[in-house]
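Student: The structure under discussion is supplied below as structure tokens; questions concerning it will follow.
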Amino acid sequence: MEEQKPTPQDENQIIAERREKLRALRQAGPAFPNDFQRENTAAKLDELYGDKGREELEAMPVSVKVAGRMMLKRVMGKASFATLQDLSGRIQLYVTNDGTGAEVHAAFKHWDIGDIVAAQGTLFRTRTGELTVLCSQVRLLSKALRPLPDKFHGLTDQEQKYRARYLDLITSDRTRWLFVVRSRIIQSMRQYMTGHGFLEVETPMMHPIPGGAAARPFKTHHNALDMELFLRIAPELYLKRLVVGGMEKVFEINRNFRNEGISTRHNPEFTMMEFYEAYSDYRLLMNFTEGLLRHSAQEALGTLQVEYQGRPLDLSRPFRRMTTIEAVHHYHPGFSLEQLGDESWLRRKLADLKVEAKPMAGIGTLQMQLFEETTEAELFEPTFIIDYPAEVSPLARRSDAYPDVAERFELYVAGREIANGFSELNDPEDQAERFNQQAAAKEAGDEEAMYYDADYIRALEYGLPPTAGCGVGIDRLVMLLTDAPSIRDVILFPQLRPEA
């Protein structure tokens, strides 16, 4: 059966009628009172009294004060039922002439779905067994002038869900649950970090030089200082300055901004947690990151067995570890290890795959391009891809045994990068040379290449202890743990084109 949507004329008529009701309310007194103090929530009442029978509730009257949005209403003669919704759930009201008085009940009958209503009374159980408030008082706290979407369908247009997130939250139990879980995930991450001795810090969101990642920044202008500034693409270089200063274990839950394309995995502003620990390395940090993800899942969901897009994931099992070449060969055994180490073969293969390889790209960059094109999406089980080419890791420490390899990892789950970490480069001369290489690439037209950050080099010259650092994409982690297919599903107000 096709959904019947109200026409604009219908909706305008409803709004006009509700405005008339609001005018009458204003004439009778304060139309938006603010003197009601709620004492109970729906879920807590169900938790405490959901197993009590009719006789038990009658024998021990429980007085309650609830408030929420009226989502359902059934009006009869001398009695009416309504359902209030708060963040925790729903509770039913029973309004009668005897309980509230005939005048209040008569007024209640004219209130609308979507209105914010308060009620006071005692709990009882109806004949059908539903926990209900027998109301002695009901009050209209906020008049809703616009009608809610159809109660059986809610918001069906996905873009409208993102644009009018307030309506999505009102009408979708899943959306409310998802963002409650998001909050729990972030809270659990903060708890894990502080429980392991990390100090939470805050670093600037406007930078004179963008750094800490390879990305195209957003620009702004500070009038008083008459200078160009860049919105943060990563807090990394500031956090490592703090480690230089003796703050040996730091983390920041931060908003980053990257002037890049929008996709199911990318939003121009997103949330990450970055953390740095002195006297650690990337292998120790892999163990720590694995523990962090398990802790977050257990605390937020109560289980390590999750499902993503119809496929089960067991987060309790040890995460796999492979190099990029090992991963490509594992999922594409037709590519031999000899071929994967042959620059000419890599260029031909990338050309066959319609992937542009830059003339100056080294073999490490070519291998990464092939990995991203053929293998990244295959990594469904939690997998650390380790030992990246140094040429694509401008801030990571080189391996002492293999100078062309960086001590770096990226964690992939469900075909997406969740975390990126490495042993930090603390050699100021090596870092200066890599910044020079990045600056040359920027001069040659690479808008995502890094700038030369002279102050950061100066900080390194005071001495950065051996350090490891990691960034965890919180939005992508929330996607994974809530079975959300798009990053827009887990950001309350994702970036959209202007509404027509």
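The values are calculated or read from the model by the stated rules, or taken from the named source; none is laboratory data. These numbers come from a predicted model, not from an experiment. Cβ atoms come from the backbone with ideal geometry, glycine included; neighbour counts cover every protein chain shown. Accessible surface areas use protein heavy atoms only, side chains included; no ligands, DNA or RNA. Shrake-Rupley method; radii C 1.70, N 1.55, O 1.52, S 1.80 Å.
Student: Considering only protein heavy atoms, with the full assembly of protein chains and a 1.4 angstrom probe, order K161, K219, K73 by accessible area, largest first.
Tutor: Order by accessible area, largest first: K219, K73, K161.
Student: Could you pull the accessible area for S63 with a 1.4 Å probe, rounded to 10 Å²?
Tutor: 90 Å²
Student: If the label point is 7 Å along Cα→Cβ of K442, which residues in the stretch 376-399 have backbone nitrogen under 15 Å from it?
Tutor: So the set is 394-395.
Student: Through the Karplus equation 6.51 cos²θ - 1.76 cosθ + 1.60, θ set to phi - 60°, convert the phi angles of the stretch 18-27 into ³J(HN,Hα) values in whole Hz; use x for Gly and Pro.
Tutor: 5, 5, 4, 4, 5, 4, 5, 5, 4, 5
Student: What nm distance separates the two modelled labels at S142 and S172, each placed 7 Å from Cα along Cα→Cβ?
Tutor: 2.0 nm
Student: Report, in deg cm²/dmol and to the nearest 500, the calculated mean residue ellipticity at 222 nm for the chain, where each DSSP H run with n ≥ 4 adds -39500 (n - 2.57) and the sum is divided by the residue count. Could you put the intermediate results ahead of the total?
Tutor: Values: 17 runs with 178 residues, N = 500.
Mean residue ellipticity, 222 nm, calculated: -10500 deg cm²/dmol.
Student: Using a Förster distance of 25 Å, how high is the FRET efficiency between F36 and L87, based on the Cβ-Cβ distance and rounded to 0.05?
Tutor: Approximately 0.90, to the nearest 0.05.
Student: Still on this model: Just need the Rg to Rh number for the stretch 199-342, please, alpha carbons only, Kirkwood Rh.
Tutor: My calculation puts Rg/Rh at 1.05.
Student: Please grab the % of Cα pairs in the stretch 1-98 that end up more than 21 Å from each other.
Tutor: 58 percent
Student: Report the Cα centroid-to-centroid distance between the stretch 210-265 and the stretch 426-458 in angstrom, as an integer.
Tutor: Measuring centre to centre over Cα atoms gives 15 Å.
Student: Taking the chain as the reference, fit the longest principal axis to its C-alpha atoms, fit the long axis of helix 282-301 to the helix C-alpha atoms, and give the angle between the two in degrees, 0 to 90, nearest 10.
Tutor: Compared with the principal axis, the helix lies near 10 degrees.
Student: Can you compute the FRET efficiency between H330 and I209 using 1/(1 + (r/R0)^6), with r the Cβ-Cβ distance and R0 = 30 Å? Round to the nearest 0.05.
Tutor: 0.15
Student: Points 7 angstrom from Cα along the Cβ direction at D404 and E260: gap in nanometres?
Tutor: 2.6 nm
Student: Here is a further query. Semi-axes of the stretch 155-269's equivalent ellipsoid from the Cα gyration tensor, sqrt of 5 times each eigenvalue, largest first, rounded to whole Å?
Tutor: Rounded to whole Å, the semi-axes are 31, 23, 11.
Student: Nearest 0.05, what FRET efficiency do R26 and D455 give at R0 = 56 Å with Cβ-Cβ as r?
Tutor: 0.40
Student: Rounded to the nearest 10 Å², what accessible area does I325 have for a 1.4 Å probe in the complete protein model?
Tutor: I325 has an accessible surface of roughly 40 Å² with all protein chains in place.
Student: Which is farthest toward the positive dipole end of the chain among V490, L84, S316, measuring Cα position about the Cα centre, with Cβ charges +1 (Lys, Arg) and -1 (Asp, Glu)?
Tutor: About the Cα centre, the residue reaching furthest to the positive side is L84.
Student: Rounded to whole Hz and in sequence order, give me ³J(HN,Hα) for the stretch 461-473 from the Karplus expression 6.51 cos²θ - 1.76 cosθ + 1.60, θ = phi - 60°, writing x for Gly and Pro.
Tutor: 3J(HN,Hα) across the stretch 461-473, in whole Hz: 5, 7, x, 9, x, x, 9, 10, x, 8, x, 10, x.
Student: Compute from the Cα atoms of the stretch 389-458 the Rg and the Dmax, the latter being the longest Cα-Cα distance, and quote both in angstrom.
Tutor: My reading of the Cα-based Rg and Dmax gives 13.3, 40 Å.
Student: Compute the Kirkwood hydrodynamic radius of the stretch 78-119, taking the inverse of the mean of 1/r over all pairs of distinct Cα atoms, and give it in Å to one decimal.
Tutor: 10.9 Å
Student: On to the next question. Pop a pseudo-label 7 angstrom from the Cα along the beta-carbon direction at both Q495 and Q13 and give the gap in nm to one decimal.
Tutor: Here the answer is 4.3 nm between the modelled labels.
Student: Out of every Cα pair in the stretch 355-479, what percent are spaced more than 19 Å from each other? Let's see the in-between values first.
Tutor: On the way: 4298 of 7750 pairs.
Pairs farther apart than 19 Å: 55 percent.
Student: Using only Cα atoms, tell me the angle between helix 428-443 and the longest principal axis of the chain; keep it within 0 to 90° and round to the nearest 10.
Tutor: Helix 428-443 and the main axis of the chain meet at about 80 degrees.
Student: For the stretch 38-146, take the alpha-carbon Rg, divide it by the Kirkwood Rh, and send me Rg/Rh.
Tutor: For the stretch 38-146, the value is 0.94.
Student: For the stretch 290-410, what does the convex hull of the Cα positions come to per residue, in cubic angstrom?
Tutor: Numbers: hull volume 16.9 nm³, N = 121.
Dividing the Cα hull volume of the stretch 290-410 by its residue count gives 140 Å³.
Student: While we're here: Taking a 1.4 Å probe, which of E376, E381, E202, E20 shows the most accessible area, and what order do the others take after it?
Tutor: Heavy-atom accessible area, descending, gives E202, E20, E381, E376.
Student: Also, quick follow-up: Taking the solvent-accessible surface of protein heavy atoms with a 1.4 Å probe, what is the per residue accessible area of the stretch 21-154 in Å²? Don't jump to the answer; show the numbers that get you there.
Tutor: Values: 7480 Å² over 134 residues.
The answer is 56 Å² per residue.
Student: Magnitude of the Cβ-charge dipole of the stretch 343-500, K/R +1 and D/E -1, about the Cα centre, nearest 20 debye? Can you show the working numbers first?
Tutor: Details: 15 positive and 31 negative charges, 67 e Å.
Result for the stretch 343-500 is approximately 320 debye, rounded to the nearest 20.
Student: Between Y462 and M76, 0.36 nm times their residue separation minus their Cα-Cα distance comes to what?
Tutor: Extending this stretch completely gives an extra 131.1 nm.
Student: Extension gain D150-E228, at 0.36 nm per residue separation less the Cα-Cα distance, in nm?
Tutor: Length difference between fully extended and current span is 23.2 nm.
Student: Quick one: P(r) of the stretch 265-304 from all Cα-Cα pairs, 5 Å bins, percents rounded to integers, in order of increasing distance.
Tutor: Result, from short to long distances: 6, 17, 19, 18, 20, 16, 4 percent.
Student: Continuing with the same structure: Cα axis of helix 363-374 to longest principal axis of the chain: angle in degrees, 0 to 90, nearest 10?
Tutor: 30 degrees
Student: Skipping prolines and chain starts, which residues have an amide H placed within reach, meaning under 5 Å, of the one on M247, given they are 5 or more residues away or on another chain?
Tutor: none
Student: Quick one: plug the Kirkwood hydrodynamic radius of the stretch 340-390 (C-alpha pairs) into Stokes-Einstein at 20 °C, 1.002 mPa s, and report D in µm²/s.
Tutor: Rounded to a whole number, D works out at 184 µm²/s.
Student: Percent of accessible area on the stretch 69-148 owned by carbon and sulfur, 1.4 Å probe? Walk me through the intermediate numbers first.
Tutor: On the way: 1900 of 3640 Å².
Summing carbon and sulfur atoms, their accessible area is 52 percent of the total for the stretch 69-148.
Student: Let me check against my output: what whole-number percent is the relative contact order of the chain, with C-alpha pairs under 8 Å and at least 6 apart?
Tutor: 12 percent
Student: Let me ask something additional. Along the charge dipole of the stretch 382-500, Cβ charges K/R +1 and D/E -1, which of F384, F435, G415 sits furthest on the positive end?
Tutor: Most positive-ward Cα: G415.
Student: Under Stokes-Einstein, with the Kirkwood radius over Cα pairs standing in for Rh, what whole-number D in µm²/s applies to the stretch 285-346 at 4 °C and 1.567 mPa s?
Tutor: Translational diffusion coefficient: 90 µm²/s.
Student: Under 5 Å between amide H atoms, partner at least 5 residues away or on a different chain: which partners does T323 have, H built in plane at 1.01 Å?
Tutor: I386
Student: When N is the residue count of the stretch 89-166, what does its C-alpha Rg come to as a fraction of 2.2 N^0.38 Å?
Tutor: 1.35
Student: Starting from a Cα-only point model with no solvent, please compute log10 I(q)/I(0) by Debye for the chain at q = 0.11 1/Å.
Tutor: -1.00
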